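Right, one structure below, let's go through it.
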C-alpha cells in the first residue's frame, strides 16, 4: 500500500504542485491550508507522513508540529517534514526543536521530495 500524506501548505499553487508530484509518485494525499487544520486532520485520519509549511496563517507549521508531538501515539509519531523557502541552516534549529524530522526546500526538487518521503516512511518505493 502506498503512503498516505498530509500536505499543509497555505499557498494554493504550491499545494497543487506538491499534490501533483505525490500523485505522480503513486501516493495518496489530503491537504489543508493552515496549521490548525493540520492539527485537526492528523487527529481525524491516519497519515504516514506530513509535509508542513512552516509559515502559515492561524497557526504556523512549527506550532502545529509542537501540538502534534504533544498528542498521544500514533499521532505524535508521524514523521513531519518542513516545507520552507528559507535556507535550511536558518530554520533547521527551530524545525528540530519543534519536532520536525527534516526539511524540504522550496522550490521543491521532485527527486529530493521522493527520496525524503521514502526515507521517512521506511517503505521501499518503486
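The values are calculated or read from the model by the stated rules, or taken from the named source; none is laboratory data. Quantities reported herein were computed from a predicted structural model and do not represent experimental measurements. A quick note on method: Cβ atoms are made from the backbone with ideal geometry, for glycine too, and the neighbour counts reach across all protein chains shown.
Collect the residues in region 89-122 that are farther than 17 Å from residue 56 by Cβ, surrounded by 14 or more Cβ atoms within 10 Å (Cβ to Cβ) and out of contact with any helix residue (DSSP H, G or I) (no Cβ under 7 Å at 6 or more places or on another chain), keeping them in residue-number order.
92, 116, 117, 118, 119, 120, 121 - these are the residues of region 89-122 that are farther than 17 Å from residue 56 by Cβ, surrounded by 14 or more Cβ atoms within 10 Å (Cβ to Cβ) and out of contact with any helix residue (DSSP H, G or I) (no Cβ under 7 Å at 6 or more places or on another chain).
Where in region 1-90 are there strands (runs of 3 or more DSSP E), lying fully within it, with 3 or more residues that are more than 12 Å from the chain's Cα centre (by Cα), modelled with pLDDT under 95 and farther than 15 Å from residue 102 by Cβ?
By residue number, no strands (runs of 3 or more DSSP E) qualify.
Mind checking which pairs have a first residue in region 36-62 that is in contact (Cβ under 8 Å) with a residue 60 or more places away in the chain and a second that is surrounded by fewer than 19 Cβ atoms within 10 Å (Cβ to Cβ), Cβ under 6 Å, 6 or more apart or different chains?
Listed pairs, sorted by first residue: 48/4; 48/121; 49/120; 49/121.
Which count do you get for residues in region 91-116 that are assigned to a helix (DSSP H, G or I) and either over 23 Å from residue 16 (Cβ atoms) or touching a residue at least 12 places away in the same chain (Cβ under 8 Å) (or both)?
Qualifying residue count, region 91-116: 12.
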